[in-house]
Amino acid sequence: MNRAVYAVMGTVLFAALIITTAAFESVLLDRDVIAEPDAGTLLGPAMFAVAVLIVLLSLLRSAALADAVDGAAPTMRGAFPAQPADDPARRAATRPALDPDDELRPRHAPLLPAAITTAVLVYLAMLLVGSVWYGLVRDDLFWATLFAGRYALSPLVLGSALWAGLVVAGTVAVSRVAPRT
């Protein structure tokens, strides 16, 4: 299976996990996920959308890096009527011969830096989008600072960042060991 498919599946898993996290937070703590009544109905979905976008881009980047390390690029065989099907023998002949015992050649794309970076970016982006959005709703950027301070340690933002790191690490790890077809 193509690594880009793993990236999409990991992103869908992440979206399901943050929706579940928000639902459990709402039920267990008996309060709204975004407690400000004047925040509007789109503030939470905007925060979720930016988190999902960051995870998708991170997973696609990791897939592209892993394909580059393996010496193969993702292919779409015959996706358009005018596009001929890719010939694997021709592609193997044009690929430079790499010595598998070369110590300087990396074996895999880095796993831990991608996961940590994605988690930090999701955390910061959710706070930034939420605080700017709320500041614009209130017509005062002072409220943006208060929103960021209030939600910096909320289960919604921390849980989303944690899920982002775990999903990226797990998806990249699974895409390494799965058989390629």
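The values are calculated or read from the model by the stated rules, or taken from the named source; none is laboratory data. Quantities reported herein were computed from a predicted structural model and do not represent experimental measurements. Remember, those area values only see protein heavy atoms, side chains included, never the ligands or the DNA or RNA. Shrake-Rupley method; radii C 1.70, N 1.55, O 1.52, S 1.80 Å.
Side notes on the structure shown:
- The solvent-accessible area of residue 9, taken with every protein chain present and a 1.4 Å probe, is close to 100 Å².
- Accessible surface of region 134-181, 1.4 Å probe: 71 percent of it comes from carbon and sulfur atoms.
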